[in-house]
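Have a look at the structure below, then the notes.
The values are calculated or read from the model by the stated rules, or taken from the named source; none is laboratory data. In this text the structure is predicted, and so the values were computed from the model without any measurement. Glycine also receives a Cβ, built like all others from the backbone with ideal geometry; neighbour counts cover every protein chain displayed.
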Amino acid sequence: LPFCLDMAEQDSPSLVEVVKQVAVQQHLQDSEIEKNKRVLSYLQAELQEIEKQMESVLLETKATERQIYQQEDDTETTKCHCESLESQVRDLNAEKIKLKLDTEAAQEAFEMILARNSAYREKIRIHKEHLWEAESKMPVMLELFKKRDMVKVLQTKKEELMNDLLNPEGQVIKQVQEEITHIKEEVTMVKECIKEKNNLLEEEKKVHATLRKEIEVQNKRWDAILKRLHCQLNKLQSNRRHWHWNIQQMEKKAADLRKCLGITE
């Protein structure tokens with residue numbers, strides 16, 4: 001027993017040190033545990049924050065995907081619209097070419113009508129000249145001119161006879177009277193002939209008046225045709241300018257759409 005006590009006394013300082021070491025280790029472990037708890041709390045907070053960020057990123061990703069889908073749909077719609085516009089541009093170009101050909105044909109027809117109208121008016125002018133020349137050479141007119149000259153001669157002769165009447169010789173008076181009677185008869189015949197010629201001349205004038213009316217009607221008809229053709233040509237030119245403006249607008253819009261889509265011609 002004394003030996004055991006001595007041994008216990010010898011071992012007691014080591015036990016105290018062990019207890020101290022255990023206490024120190026326990027303290028270190030507690031500190032480490034507290035530190036780990038703080039680190040764990042920090043990591044949990046970081047994890048929660050990361051999870052929130054991940055949820056936000058997921059929401060943004062879904063919104064971005066929706067935008068991408070919407071942009072893809074818009075791109076497809078724009079592509080279809082662009083194809084439709086290109087088709088319309090091709091149709092407008094074809095219609096433009098057709099209208100250009102129609103306008104050229106109408107212009108040629110208008111020029112042909114103008115040429116025919118000019119030729120027709122030249123024919124009318126020549127016809128009038130020939131008509132006046134023919135009137136001046138007509139037998140009736142020649143006879144009328146001849147009778148007028150005869151009347152002038154007879155009037156001159158009458159004046160001479162009137163002067164001879166101042167002569168008191170009876171034979172001269174008788175001869176003059178006989179001549180006057182004969183002249184009166186001739187004058188009467190000439191007047192009747194002139195009357196007939198005048199009637200014929202009036203009929204010719206009526207015919208000429210009818211011809212002039214027909215010529216005026218034809219002139220009015222050709223003027224109306226010219227006015228209508230002018231109106232048609234103005235309308236075609238106005239439509240052509242309007243279609244040309246529409247084509248330019250469509251081409252500009254198509255170019256803007258190609259530029260937005262990144263399409264190079």
(Q) Between 185, 179, 196, which is modelled with pLDDT under 85 and either farther than 30 Å from residue 106 by Cα or not β-branched (Val, Ile, Thr) (or both)? (A) 179
**Q.** Residues being hydroxyl-bearing (Ser, Thr, Tyr) and out of contact with any helix residue (DSSP H, G or I) (no Cβ under 8 Å at 6 or more places or on another chain) - total across the stretch 76-119
**A.** 4
Q: Could you please tell me which pairs satisfy a Cβ distance under 9 Å, a separation of 6+ or placement on different chains, a first residue in the stretch 203-227 that is over 25 Å from residue 110 (Cβ atoms), and a second residue that is of a type in the set (A, V, I, L, M) and not in a helix (DSSP H, G or I)?
A: 204/138
(Q) Test of understanding: among 105, 134, 94, 115, which residue is farther than 30 Å from residue 237 by Cα, among the small types (Gly, Ala, Ser) and either at pLDDT 80 or above or not in a loop (DSSP other than H, G, I, E, B) (or both)? (A) 134
**Q.** Residue identified as part of a helix (DSSP H, G or I), modelled with pLDDT of 85 or more and either among the charged types (D, E, K, R) or surrounded by 13 or more Cβ atoms within 10 Å (Cβ to Cβ) (or both) among 146, 213
**A.** 213
Q.
Going residue by residue through the stretch 234-242, is there one that turns out to be surrounded by 12 or more Cβ atoms within 10 Å (Cβ to Cβ) and over 30 Å from residue 81 (Cβ atoms)?
A. yes
